[in-house]
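What follows is a set of notes on a single structure, which appears directly below.
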Amino acid sequence: MSTLLNVAALIIAACALILSTLIALRQSLLQERANASSALLNLLSEYRSPAFHKRYEYVCRRLAQEHSPDLGLSGLPEDAQEAVYDIVYHYMDFATLVGLGILNEREVLALVRRRVTAVWDAIAPYIVREQELNPSAGTFSFLEALAAHARTLPPGQGTLALQWSRRGRWTRQRLLPKHWRLTYLERAQAERARQQQGSES
């Protein structure tokens with residue numbers, strides 16, 4: 001009889017341990033999700049500002065018309081620099097949080113896919129030139145990687161991704177280098193090297 005009681009006690013203790021572990025994991029996941037939601041809502045709050053949208057339109061539509069990429073980023077007039085850095089670092093924040101695994105990549109791309117690619121296309125030539133002028137300047141590689149991955153998604157994939165993520169069918173995936181081979185800067189440098197070799201020959 002005592003043996004049966006001991007076995008029963010061990011089974012109950014094991015079940016209690018398993019249950020407490022599952023509860024702790026659940027709480028950890030809920031807390032993690034709450035932190036991610038807070039970060040995402042903080043970034044999305046910018047879209048309530050008309051000034052933010054004006055700066056976005058300027059960077060994506062007027063910047064190249066008014067200022068040559070040969071200026072780089074540091075050579076832009078002060079008002080243009082303010083607009084560029086405000087917009088670029090906003091979307092860089094999205095990309096960095098994705099890269100660190102804090103935000104879900106598919107959810108982010110469902111929300112800002114077009115804007116991420118538009119911003120990167122607008123500022124990439126200026127970043128390349130800035131690297132030539134100042135090799136220690138940042139390359140915004142997380143933003144480039146997110147934009148590159150956004151282009152691989154078929155039309156309508158963003159909305160589908162958001163729907164599926166709500167149902168919990170997709171888990172978080174970190175943004176890893178497998179999404180790209182050569183960065184924009186590396187490709188530009190390789191192309192310039194080929195051009196120089198061709199002119200010398």
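The values are calculated or read from the model by the stated rules, or taken from the named source; none is laboratory data. A quick note: this is a predicted structure, and the numbers were derived from the prediction, not measured. As a convention, Cβ positions derive from the backbone with ideal geometry for all residues, glycine included, and neighbour counts pool all protein chains shown.
Matching residues to (1) over 16 Å from the mean Cα position of the chain (by Cα); (2) crowded, with 16+ Cβ neighbours inside 10 Å; (3) at pLDDT below 85; (4) of a type in the set (D, E, K, R):
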{"position": "Leu17", "(1), (2), (3), (4)": "yes, no, yes, no"}
{"position": "Leu41", "(1), (2), (3), (4)": "no, no, yes, no"}
{"position": "Cys60", "(1), (2), (3), (4)": "yes, yes, no, no"}
{"position": "His90", "(1), (2), (3), (4)": "no, yes, no, no"}
{"position": "Leu100", "(1), (2), (3), (4)": "no, no, yes, no"}
{"position": "Val112", "(1), (2), (3), (4)": "no, yes, no, no"}
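Total residues in the stretch 114-142 satisfying the condition of being within 11 Å of the chain's Cα centre (by Cα), in a helix (DSSP H, G or I) and of a type in the set (A, V, I, L, M, F, W, C): the figure is 2.
Taking helices (runs of 4 or more DSSP H) that fall entirely within the stretch 40-106, which contain at least 2 residues that are under 17 Å from Phe140 (Cα atoms)? It would help to see each step written out before you state the result.
Working: elements: 50-57, 63-66, 78-99.
Ranges flagged: 78-99.
Of the listed requirements (1) closer than 15 Å to Glu57 by Cα; (2) touching a Phe, Trp or Tyr at 6+ places or on another chain (Cβ under 6 Å), Thr96 misses just one: (1). Do we find that Thr152 is farther than 17 Å from Ala39 by Cα, of a type in the set (Ser, Thr, Tyr), in contact with a Lys or Arg (Cβ under 8 Å, 6 or more places away or on another chain) and surrounded by fewer than 22 Cβ atoms within 10 Å (Cβ to Cβ) in this structure? In short, no. Scanning the stretch 64-88 for residues that are surrounded by fewer than 19 Cβ atoms within 10 Å (Cβ to Cβ) and of a type in the set (A, V, I, L, M, F, W, C) yields Ala64, Leu71.
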